[in-house]
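The values are calculated or read from the model by the stated rules, or taken from the named source; none is laboratory data. Small disclaimer: the values here were computed from a predicted structure and weren't measured. Methodologically, a virtual Cβ is constructed for each residue, glycine included, from the backbone with ideal geometry; neighbour enumeration extends over all protein chains shown. For the accessible areas, the whole protein counts, side chains as well, though only heavy atoms, and no ligand, DNA or RNA atoms are used. Shrake-Rupley method; radii C 1.70, N 1.55, O 1.52, S 1.80 Å.
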Amino acid sequence: MLFDSLQFVIFFIIVYGVYLCLRHRGQNIFLLLASYIFYGFWSWKFLALLVATQVIDYHISRGLVRLEDPGRRRKLMWLSVAVNMGTLGFFKYFNFFTENLQGSLNLLGLPVSDVTLSVVLPVGISFYTIQEMTYIIDVYRRRVKPADKFIDFALFVSFFPQLVAGPIERAERLLPQVQSPRKIHRVDLIEGGWLIFWGLFKKVFIADRIAMLSDTVFSAPEAAAGPMVLLGALAFTIQIYADFSGYSDMAVGLGRLMGFHLMYNFKLPFFATSPSDFWRRWHISLSQCLRDNLYIPLGGNRFGFPREALALMVTMLIGGLWHGAQWHFVLWGAYCGGLLVLERVWRRSRWGNILVRPGHSASSISQAAHIAVMFPLTIIGFLIFRAENLTDIKLLLGNISVGWSNAVVYVPQVKELLICTWLLAAYQLAHHVSDDRFILFRMPWPLRTALYVAMYLLISLGAPHDARTFIYFQF
């Protein structure tokens, strides 16, 4: 049930109408039922898996409150981690590890039989398992008080706008909103409606349309000349941003209509001035989870540079593997970790003071220069992310230098990129300059009306007829 489908529109209208007629407790019960129906629409057989992990983690969280012995509390916390990681590991990584183990043993002259299974990946499993694990770890650390009622905890985990692709919410932020009566203000309706419309535009016009260009390159990497490789990598970089941030905007907007304030998952990532700045802007909820539950426990920056570099690399390697059980995701994690380590090295050098540091002001020219350096590095990263395998990465990177003598033939593809991105670029530039996500509402009404009309016409006349699943649903 995609957000941009007629089925979801009908589903949400019914859910919203009933929701507005109920009191707080009734709203929670009904929203939990609606969330289960929403997830069951993808696969009823995996709904039982979602409920089972919720039941286990709810009782573990209650046990962590009752127990005082540190050792027993630690064992209980690790039981939750084992259940969630075991579930995620089986469905997402079983074939990856068995295939690689089999290949390694064969290289050593120890042939083994094929043990690959036809394992179907439950939609959203990476998101709800990490949200549950983070909840248990926060309860264990006594950062949050666990939910008294199972319904509240289950709704916190499975709230349907953010269930299958985030944002990954922390209990300290979302759980109080579940437990307390919610009020819907006029500003929630206005801003929530805009976020839904803007997210829909990014998904169905920009992401789905530009995907046709990126697919052309990545489906046949051996045939792509240098200009087309760069255009394809740029197209996918914009595609994944428009797709994922579009979903996140719609999730936040749907939540706002019901009085929930979900976290924003993106903050102009293409205006990042450094690798660390990028991760403060891209998939913010995952970045924070990895920082709090991996990077900091591994030592962070508290024990000198070698330990910090190791913590960065391990964190980003695991972050890459989280995205998928394939070696190109591991390579992408290593690439991102390597950039972060190089940034730390640069900051410690005599030239490190020319970097735009967090919390420090910089001239527009300096910021633009740093953005101009960081954006191509981001594109290279997403080329690695999008490629099907390591062989395709080698082919694509090797082809970058060829075919430039005939670059003029790719003018139609450049025009298509501009058609897909001009409105996004203009609005994001206004957002960046004003530092106002809702700069639209500060614009003169004729300009605002023109923007609405332009978006509507582009969606109606320019969006592809075939809807595509959100990219992050596969993770």
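Scanning the range 148-172 for residues that are in a loop (DSSP other than H, G, I, E, B) and free of Cβ contacts under 8 Å to residues at least 40 places away in the same chain yields Asp148, Lys149.
Quick grid of which residues meet (1) in contact with a Ser or Thr (Cβ under 7 Å, 6 or more places away or on another chain); (2) under 23 Å from Arg386 (Cα atoms):
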position: Ile210; (1), (2): no, yes
position: Ala223; (1), (2): no, yes
position: Gly232; (1), (2): yes, yes
position: Arg256; (1), (2): no, no
position: Leu262; (1), (2): no, no
position: Asp277; (1), (2): no, yes
position: Gly304; (1), (2): no, no
position: Ala309; (1), (2): no, no
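Residue-by-condition table, conditions (1) open to solvent by less than 30 Å² (accessible area, probe 1.4 Å); (2) under 29 Å from Pro161 (Cβ atoms); (3) not in a helix (DSSP H, G or I):
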residue: Phe38; (1), (2), (3): yes, yes, no
residue: Lys45; (1), (2), (3): no, yes, no
residue: His59; (1), (2), (3): no, yes, no
residue: Leu76; (1), (2), (3): no, no, no
residue: Leu79; (1), (2), (3): no, no, no
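Condition check for Tyr452 on (1) buried (at least 16 other Cβ atoms within 10 Å of the Cβ); (2) under 20 Å from Lys203 (Cα atoms); (3) modelled with pLDDT of 90 or more; (4) not hydrophobic (A, V, I, L, M, F, W, C): one failure, at (1).
The sole residue among Ser214, Ser245, Ser274 that is open to solvent by less than 20 Å² (accessible area, probe 1.4 Å) and under 29 Å from Ala407 (Cα atoms) is Ser214. Of the candidates Ile439, Ile459, the single residue that is over 29 Å from Val229 (Cα atoms), among the β-branched types (Val, Ile, Thr) and over 23 Å from the mean Cα position of the chain (by Cα) is Ile439. If you filter the range 279-317 down to residues that are under 29 Å from Val252 (Cβ atoms) and among the small types (Gly, Ala, Ser), you find that the one that is most open to solvent (accessible area, probe 1.4 Å) is Ser287. Considering Ser405, Ser401, the condition of being of a type in the set (Ser, Thr, Tyr), open to solvent by 50 Å² or more (accessible area, probe 1.4 Å) and either in contact with a Cys (Cβ under 8 Å, 6 or more places away or on another chain) or part of a loop (DSSP other than H, G, I, E, B) (or both) is satisfied by Ser401 alone.
Residues are listed down the side, and each one gets a yes or a no for (1) at pLDDT 95 or above; (2) of a type in the set (Ser, Thr, Tyr):
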| site | (1), (2) |
| --- | --- |
| Tyr241 | yes, yes |
| Met258 | yes, no |
| His261 | yes, no |
| Phe270 | yes, no |
| Thr273 | no, yes |
| Leu290 | no, no |
| Gly299 | no, no |
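Might you check whether a residue that is open to solvent by 50 Å² or more (accessible area, probe 1.4 Å) and under 30 Å from Asp292 (Cα atoms) occurs anywhere in the range 180-203? Yes, there is a match, as at least one residue in the range 180-203 is open to solvent by 50 Å² or more (accessible area, probe 1.4 Å) and under 30 Å from Asp292 (Cα atoms).
Of the set (1) more than 28 Å from Phe438 (Cβ to Cβ); (2) modelled with pLDDT of 95 or more, all apply to Leu189 but (1). Kindly indicate whether Phe96 is within 30 Å of Lys202 (Cα to Cα) and either part of a helix (DSSP H, G or I) or not β-branched (Val, Ile, Thr) (or both). No: the conditions fail for Phe96.
One line per residue, one yes/no per condition, for (1) more than 25 Å from the chain's Cα centre (by Cα); (2) not in a helix (DSSP H, G or I):
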position	(1), (2)
Pro146	yes, yes
Leu174	no, no
Val178	no, no
Val187	yes, no
Gly199	no, no
Val204	no, no
Val217	no, no
Pro227	yes, no
